[in-house]
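One structure is given below, encoded as structure tokens.
The values are calculated or read from the model by the stated rules, or taken from the named source; none is laboratory data. These numbers come from a predicted model, not from an experiment. Every residue, glycine among them, receives a Cβ derived from its backbone with ideal geometry; neighbour counts consider all protein chains shown.
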Amino acid sequence: MDKNPCADYKHKMSYKNVTVYYASGTGNSYRAASWLTDVFDAENTRTHLVPVDKAVPAQQQQQTGSQQLVGLYHPAHGLMPPWSMIHFLLFRLQRGKGAHGAVVATRGGIPLGNIIIPGGGGLALYFPLLILLIKGYRIRGAMGLDMPCNLLNVHWGITPENTERMFERAKRHHDRFSAALLANGPAFRTANLLWELLWCVPFAFYPLLPFIYLTISRVFMAKLMFADATCTHCGACARHCPRDAIKMVGSPKTQTPFWTWRCEACMRCMGYCRHKSIQAAQLWGVAVWWGLSFLSAVILQHLYVNSGVASSQWVAPHTTYLSWALAFFGLLPAYYLFYGLQKIPPLRWLFTYTTLTRLYRRRYHAPDTRVKDVANGQM
Ligand SMILES: Cc1cc2nc3c(=O)[nH]c(=O)nc-3n(C[C@H](O)[C@H](O)[C@H](O)COP(=O)(O)O)c2cc1C
Ligand code: SF4
Ligand code: SF4
């Protein structure tokens, strides 16, 4: 068995207070964050493990001076931190005034035989580091950490054996990180940081890419979910949603989840539903996107040509972008239509049996991790 690197560390100086803020859908980032607080708990340091959706500025710890360590843990969502973490960083995280800061972006690794193909964090790692610097923190550690990929609406899911293997590996990597922070840092690995930097290269060419992804994931990807006929109307998905994004619609005995625009596709509802009742209607997504793009392209073409602004040849490339923009605004109303159509049994049956999520069957959340703990942290 591997020796825990934290056990041998001679402390240069210990922190008095460690506060870790995390965003986590299926528990990976929560578990990694708890590995850090466990190490400091063992040293009798005061620790707090706070989900960002419950972090209130007035209650934040005194984050000043080098005896304070503030950790940020979250998943990579399209090479960016999730919305909830971005919002927290920009508007609610207090100024550091010399406090130390560390960032861990968990990313989706994919096992292939004996190797694990690393995921990519990109700005999920570098954006929080930049904000910490701007807010007056001293950076003492940063890492992209491979954990099982939870992108269940497009992914067939990882076997329990591979999940266990990946967790053990992630824990070993994180132990080295914790050990370095326990000794007051620095906790960096050059290869890891360079790998994450490589994932930032596309943003240099297309700076709008992260924002486009974050918006599309919110109004499109997050709008493909629905509960199939196996739903027991228990409401657990709504109760545990970190964004309060699910409304239960109907009487208590028949209520079904309705996904509002607040959903940031963290996958907690899908990963933790006991009955695996939540599916993602990929086919509907493709149909809606192409239908809306086509419709708005036709409308724009007519408007341009009829108003004499341009000839039909000249207009074509411009309408492509404009039609995408128009299609984008059609996505939210399309979800209302989708929700309405599910009330018609043959259509609900069709949606259910054409989803990939039903075909894969597998669901994911961090092993041995209760949804209640992920939702509440240890404050
Ligand atoms: C919407 C979405 C987007 C994702 N994007 C990425 C990505 O860009 N790169 C990556 O390596 N993993 C990506 N993943 C995988 C997660 O980052 C990874 O599984 C993470 O450990 C999940 O952490 P959590 O359980 O704390 O939410 C994505 C997952 C979701 C749900
Ligand atoms: S989708 Fe799952 S968690 Fe949500 S109400 Fe139905 S059975 Fe309960
Ligand atoms: S609705 Fe589901 S996927 Fe969306 S934020 Fe809530 S728990 Fe996450």
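Tell me the residue from A297, A245 that is within 16 Å of ligand 1 (Cβ to nearest atom), of a type in the set (G, A, S), free of Cβ contacts under 8 Å to residues at least 60 places away in the same chain and not assigned by TED's automatic domain parsing to the domain that holds H155, please. Exactly one of A297, A245 is within 16 Å of ligand 1 (Cβ to nearest atom), of a type in the set (G, A, S), free of Cβ contacts under 8 Å to residues at least 60 places away in the same chain and not assigned by TED's automatic domain parsing to the domain that holds H155, namely A245. For G141, indicate whether it is closer than 17 Å to T26 by Cβ, touching a residue at least 40 places away in the same chain (Cβ under 8 Å) and of a type outside the set (A, V, I, L, M). Judged against the criteria, G141 is not a match. Within segment 207-238, restricting attention to residues that are within 16 Å of ligand 2 (Cβ to nearest atom) and either within 18 Å of A76 (Cα to Cα) or acidic (D, E) (or both), which residue is surrounded by the most Cβ atoms within 10 Å (Cβ to Cβ)? Per the criteria, the residue is A222.
Criterion applied to A99, A33, A55 was being more than 16 Å from A183 (Cα to Cα), buried (at least 24 other Cβ atoms within 10 Å of the Cβ) and assigned by TED's automatic domain parsing to the domain that holds W156, and the one residue passing it is A33. Counting only residues that are of a type in the set (A, V, I, L, M, F, W, C) and either part of a loop (DSSP other than H, G, I, E, B) or buried (at least 24 other Cβ atoms within 10 Å of the Cβ) (or both), segment 102-122 holds 4 of them.
Per the conditions (1) away from ligand 2 (no atom under 16 Å from the Cβ); (2) among the small types (G, A, S); (3) surrounded by 13 or more Cβ atoms within 10 Å (Cβ to Cβ), the sole criterion not satisfied by A204 is (3). Hey, any hits in segment 144-160 for a residue that's surrounded by fewer than 19 Cβ atoms within 10 Å (Cβ to Cβ) and of a type in the set (F, W, Y)? Yes; the residues of segment 144-160 include at least one that is surrounded by fewer than 19 Cβ atoms within 10 Å (Cβ to Cβ) and of a type in the set (F, W, Y).
M225 meets the conditions (1) outside the structural domain of V103 (by TED's automatic domain parsing); (2) without any contact (Cβ under 8 Å) to a residue 12 or more places away in the chain in every case but one. The failed one is (2).
Residue pairs whose Cβ atoms lie under 7 Å apart, separated by 6 or more positions or on different chains, with the first residue in segment 249-277 and over 16 Å from A222 (Cα atoms) and the second charged (D, E, K, R) and within 16 Å of ligand 1 (Cβ to nearest atom), are K276/R363.
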